[in-house]
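The values are calculated or read from the model by the stated rules, or taken from the named source; none is laboratory data. Being a predicted model, the structure only gives us computed values, none of them experimental. Heads up, the Cβs are rebuilt from the backbone with ideal geometry, glycines too, and the neighbour counts pull from every protein chain shown.
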Amino acid sequence: MSPDTGGWLRRRDSAEPPPPLPPGTVLDADLAYGRWPAQRLDVYRPAKARRAPVLVVVHGGAWITGDKQQPQVVGHKLAHWGPEGWILVALNYRRLPWADPREQAADVARALAFVQRECAGWGGDAARIVVLGHSTGAHLAALVLADTALAADAGCKPPAAAVLVDSAALDVVEVMQGAHLPLHDRAFGDAREGWEAASPWHRAATLTAPPPVLLVCSSLREDSVRQSERFAARLVERGGRARALPMALTHAELNERLGQDGELTEAVDAFVAEVFAPPAAAG
């Protein structure tokens, strides 16, 4: 991919203005975590942040579209977690046809490594980073968690926790062997070897002690619930703490309502509070 082509693709999807900033919030826009124009991220941080938790948001878009400034990616999440003292990072990554899903996951890992290195300078705490991905973003975040070699190549350490929202591509082999959409053929090709390489469920087979994961899924999508439950079981099998949380919201609603008042945001808040709770005193 040429730099000019990558830049055109990013500008086309970045027509939306940045979301409104909560009072006292500073935006550091388009920080480069790699050499390609698509490898950029935005940092929304409280001006007086000190050892703040960090929420890293990975947008969806069928591996071919989407952008970090779209209102449903940042808007309500920033409005909710920003005033709570969180730093929010929204990232872009290369997409089809210039980068396949595995390369896209490597971009997410590079971005996460950048955040881990730089967040102290923003007032953040590298030990309290939570990754949140929706749809394709959830698949890519899951692949970074599951494939330790991919993460290590990017210099990425495991985050404190992850929230994966409504991915039905956690077992790519199952997807490709059943009835599926043309977008899956475009993303994953026709070779089982490639399916397994891009499949979080398969890459997690040898994982050790993964971080806590909450898998929010639409109860209106049988495939999403099944894949979320199977991936949660795989993580538990590998020594982690994970659970699927089906909710009666559509795929789009799960993304749009996260950060708004209601059961969904309360469930994510409770999960994060549990992750960051101090260890219980012995005896």
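Taken together, the residues in region 173-216 that are of a type in the set (A, V, I, L, M) and either closer than 23 Å to L254 by Cα or touching a residue at least 40 places away in the same chain (Cβ under 8 Å) (or both) amount to 12. Taking (1) at pLDDT 95 or above; (2) not in a loop (DSSP other than H, G, I, E, B) in turn, P37 satisfies each apart from (2).
Out of the residues in region 154-173 meeting the condition of being of a type in the set (G, A, S) and at pLDDT 95 or above, tell me which one is surrounded by the most Cβ atoms within 10 Å (Cβ to Cβ).
So the first thing to find is which residues in region 154-173 are of a type in the set (G, A, S), and the list is 154-155, 160-162, 167-169.
From what is left, the residues that are at pLDDT 95 or above are 154-155, 160-162, 167, 169.
Details: A154: 21, G155: 13, A160: 19, A161: 24, A162: 28, S167: 28, A169: 30.
In this case the residue turns out to be A169.
Test L170 against the stated conditions and say whether it is closer than 22 Å to V56 by Cα, in contact (Cβ under 8 Å) with a residue 12 or more places away in the chain and in contact with a strand residue (DSSP E or B) (Cβ under 9 Å, 6 or more places away or on another chain). So L170 passes the test.
Checked against (1) surrounded by 16 or more Cβ atoms within 10 Å (Cβ to Cβ); (2) not in a helix (DSSP H, G or I), W201 passes all but a single condition, namely (2). If you scan region 224-239, which residues turn out to be buried (at least 19 other Cβ atoms within 10 Å of the Cβ) and of a type outside the set (V, I, T)? S224, Q227, S228, F231, A232, R234, L235 - these are the residues of region 224-239 that are buried (at least 19 other Cβ atoms within 10 Å of the Cβ) and of a type outside the set (V, I, T).
If you take the residues in region 40-73 that are surrounded by fewer than 24 Cβ atoms within 10 Å (Cβ to Cβ) and without any contact (Cβ under 8 Å) to a residue 60 or more places away in the chain, which one is farthest from Q260 (Cα to Cα)? This residue is R40. Looking only at residues of region 24-39 that are within 13 Å of W122 (Cβ to Cβ) and of a type outside the set (A, V, I, L, M, F, W, C), we find that the one that is surrounded by the fewest Cβ atoms within 10 Å (Cβ to Cβ) is D28.
Of all the residues in region 120-153, those that are in a loop (DSSP other than H, G, I, E, B), over 10 Å from the mean Cα position of the chain (by Cα) and surrounded by 21 or more Cβ atoms within 10 Å (Cβ to Cβ) number 1.
Within region 174-198, the residues that satisfy the criterion of being hydrophobic (A, V, I, L, M, F, W, C) and surrounded by 17 or more Cβ atoms within 10 Å (Cβ to Cβ) are V175, M176, A187, F188, W195, A197, A198.
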